[in-house]
Amino acid sequence: MNIYDQLWQKILNDLELTFSEETFADVFEPLKSTHKYSNGHIYVLVPSEFIKNRINRLYLSKINELALKYHHEAIRFKFVVESELVPEETLISPERNLGLKYRPGNLNATYTFDNFVVGKSNMFAFRMAMKVADQPGAVANPLYIFGDVGLGKTHLMQAIGNYILDEDINQKVLYVKADGFIEDFANLLKRERMEDFNSKYREIDILLVDDIQIMGGATKTQMEFFKLFDYLYQQNKQIVITSDKPASELKNIMTRLTSRFEVGLTVDIQVPDLEHRIEILKRKLATESSDIHDIPNNVLEFIASSFVTNIRELEGALKRVLFYCLTNNLDLNVESVNEALEPLLKTKRKSDSLNENNYDKIQSVVSDFYGITLEDLIGKKRHSKYILPRHIAMYLIKSRYNIPYKTIGTLFGDRDHSTVLAACEKIDNDIKQDATMKLAVDTIVKKIDSFNKN
Ligand code: ADP
Ligand code: MG
């Protein structure tokens, strides 16, 4: 019996004591086992619409209350009839590790509640996100999530969207990064296609806006966003916003907006403690496609102690370790792992010791912006999706701190002076000629600034 069946059995036992014999026999007796578990929901197959409606109307809240009592993480039951089941192959389960999968509204299907590891640092944010997902528009509007880079804001926000879509595929969810919104608005001004803009942003039920701090300084965009916010808010449409800082500390965002953000509920995500980081590694390991599912505890602890402030980097380190040990046919122990992580650790140490100028922050922000790992940013891979961010990061460090090219080279896996020089010149040139490039770099600079002010 799996854990969901066990849980259901416990609940059935309670229900039997709570309700009359007839009710129990009619409604619950036939439901011996659960069907499946997916994204925070346990599905139970029921024989008819009639039974389904009866359960939903009369017993569901009791059942979910019992589920909370017996299960340590938030979980809900969903009763479905056969015809509602989606054919298995179209189901997206994180366990199968299908990589990035996109759903309507720009959602990444891999960001779900059930692969979000909960600990002290994110417990409250997680709980509130679950509640909001469960009753959009009714619990907290907007839900405002803030925290540093790589701590799971985007993941949590998209989990809300994915959960809502799981509940009701007809809900219109829209996920947008604040820079995407800025760009859409700029296009609107250029082409005057108000209808397109409005149909994209207004005909929706749930709006998820990621990294709102990027709107700092973009006054016209903020005014448009303000209108949109009010429009959706008036109709009780759920809005979720993420940021790297509390609304009251946002720079160059009009108070009209920040005060709106404070009307709802603000939650924050902190850096996970060691135990929590180890748990995250374990969970990633269980879902990695590699054959290694068992790593000695001291090794996990070593990795988790080396990467403290950013979960994306932590994940990247684990991937690197697995790959390195597999391809070199090494045992997984502290020595081999140390060897595998040496280039990353060396860079970290160097940038720590150079001074407190946060070169690694620039690297983090750039890799985050392009959705690549820190390791790939500073690594040797020659794919264009790594080269551009790498060059931009070099350029930003140079223009900001004006340290020697050679020193910058050491921050990027010991590259030589001429490589860095060429990269900086190229980006400098590109910015002058290519408006999109300029927008990208400006956006990154804003992120770095907001990061540093924290
Ligand atoms: P942010 O938006 O705060 O910069 P992300 O949501 O992009 O951070 O998270 C960075 C990476 O770390 C993602 O791959 C995400 O899945 C992972 N991650 C973050 N928090 C958790 C968590 N609590 N459990 C599991 N994975 C997490
Ligand atoms: Mg993010």
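The table below lists the values:
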read-out	value
Whole-percent carbon and sulfur share, accessible surface of the chain, 1.4 Å	50
Within segment 144-226: Cβ-based charge dipole about Cα centre, in debye rounded to nearest 20 (Lys, Arg +1; Asp, Glu -1)	280
Beta bridges by DSSP in the chain, antiparallel share as percent, to the nearest 5	20
Highest average packing first - 165-178, 65-78, 186-199, Cβ atoms within 10 Å	165-178, 65-78, 186-199
Tilt relative to the chain, helix 334-354 - C-alpha long axis, 0 to 90 degrees, to 10	60
The chain: calculated mean residue ellipticity at 222 nm from DSSP helix runs of at least 4, using -39500 (n - 2.57)	-17000 deg cm²/dmol
J(HN,Hα) series, segment 437-449, from Karplus relation 6.51 cos²θ - 1.76 cosθ + 1.60, nearest Hz, glycine and proline x	4, 4, 4, 4, 5, 4, 4, 5, 4, 4, 4, 5, 4
By average C-beta atoms within 10 angstrom, highest first, the peptides 49-59, 116-126	116-126, 49-59
Prolate/oblate/rounded label for segment 361-436 (Cα gyration tensor, a/c 1.5)	rounded
Note, ³J(HN,Hα) from phi for segment 218-235, Karplus 6.51, -1.76, 1.60, rounded to Hz, x at Gly and Pro	8, 4, 5, 4, 4, 5, 5, 5, 4, 4, 4, 4, 4, 4, 6, 4, 4, 8
Peptides 251-258, 387-394 ordered by average Cβ neighbours within 10 Å, highest first	387-394, 251-258
1.4 Å probe accessible area per residue over the chain, in Å²	48
Helix 178-191 axis, angle to the chain major axis (alpha carbon atoms, nearest 10°)	80
Nonlocal amide H pairs with Ser38, under 5 Å, H built at 1.01 Å	Tyr43
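The values are calculated or read from the model by the stated rules, or taken from the named source; none is laboratory data. Everything numeric in this text was worked out from a predicted model, so none of it was measured. Glycine also receives a Cβ, built like all others from the backbone with ideal geometry; neighbour counts cover every protein chain displayed. Please note that ligands, DNA and RNA were not included when accessible areas were found on the heavy atoms of the full protein model with its side chains. Shrake-Rupley method; radii C 1.70, N 1.55, O 1.52, S 1.80 Å.
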